[in-house]
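Just below is one structure, and these are the notes that go with it.
The values are calculated or read from the model by the stated rules, or taken from the named source; none is laboratory data. The shown structure was predicted, so the numbers you read here are calculated from the model rather than taken from an experiment. Cβ placement follows ideal geometry from the backbone for every residue including glycine, while neighbour counts extend to all protein chains displayed. Ligands, DNA and RNA are excluded from the accessible area calculation, which covers all protein heavy atoms including side chains. Shrake-Rupley method; radii C 1.70, N 1.55, O 1.52, S 1.80 Å.
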Amino acid sequence: MSVLYVCAGGAESFENAFNCGIGLINASINLSKFLATQKHLPQKLVFIGTCGLYDKSKELFSIIKSQNATNIEISALLNLSYSPIISAQNQQNSAINSSNFICKDLNIAKKFSQINLVAENMEFYAVCEVAKAFNLECEGVFCASNYCENNAHEQFLANHAKAIEILKNYLEQKNEKYFRF
């Protein structure tokens, strides 16, 4: 099976993985443009990166694999807004939420957890949607770098390098060689 490994880029760049850009919009545009120029498409996209955990019973630096993504903003979770976009993609255990914002409130994180969301990553929903548009399989492989709580950003900064190293080691152990298609 031909696989294209995708990452956000910037501080989360991986050798031979396509850097799609940080955030939902950049990931959608850049990955779509890239795939549209390919003579032969891969059969599967695998997004690799870090994530923030909603549930404090989960362990930092754990590996989370998911084929499920959604885009639920905090304002919608609090019933302060709605969207005509149906964003839930098969919300099951190990579902990843993607937003333009990073959650740093433990109570909100608990609410996300209560609707079967495990973690958040800013790009994964966009990558899943692009995969769907190109009729490709999609999966995400994440290393948990922080909890979604008041000091989420500080935890992310302190743990990021270790999380990236753990993720690289995991991919090597699983013989999941990441390469640009």
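With Phe112, Phe101, Phe124 as the choices, which residue is surrounded by fewer than 18 Cβ atoms within 10 Å (Cβ to Cβ), closer than 20 Å to His153 by Cα and either at pLDDT below 95 or in contact with a Gly (Cβ under 7 Å, 6 or more places away or on another chain) (or both)?
Phe101
Val46 is checked against (1) within 17 Å of Phe134 (Cα to Cα); (2) of a type in the set (Val, Ile, Thr); (3) in contact with a Cys (Cβ under 7 Å, 6 or more places away or on another chain) and fails just one. What number does that condition carry?
Val46 satisfies every listed condition except (3).
Hey, Ala131 hits all of (1) modelled with pLDDT under 95; (2) assigned to a helix (DSSP H, G or I) but one; which does it fall short on?
With (1) modelled with pLDDT under 95; (2) assigned to a helix (DSSP H, G or I) applied to Ala131, the lone miss is (1).
Would you mind telling me which numbered condition in (1) open to solvent by less than 10 Å² (accessible area, probe 1.4 Å); (2) closer than 13 Å to Phe124 by Cα Ile22 fails?
Failed condition: (1).
If a residue has to be farther than 21 Å from Gly23 by Cβ and of a type in the set (Phe, Trp, Tyr) to count, how many in segment 35-61 make the cut?
1
What number of residues within segment 130-162 satisfy the criterion of being over 17 Å from Gly49 (Cα atoms) and either open to solvent by 30 Å² or more (accessible area, probe 1.4 Å) or of a type in the set (S, T, N, Q) (or both)?
The total comes to 8.
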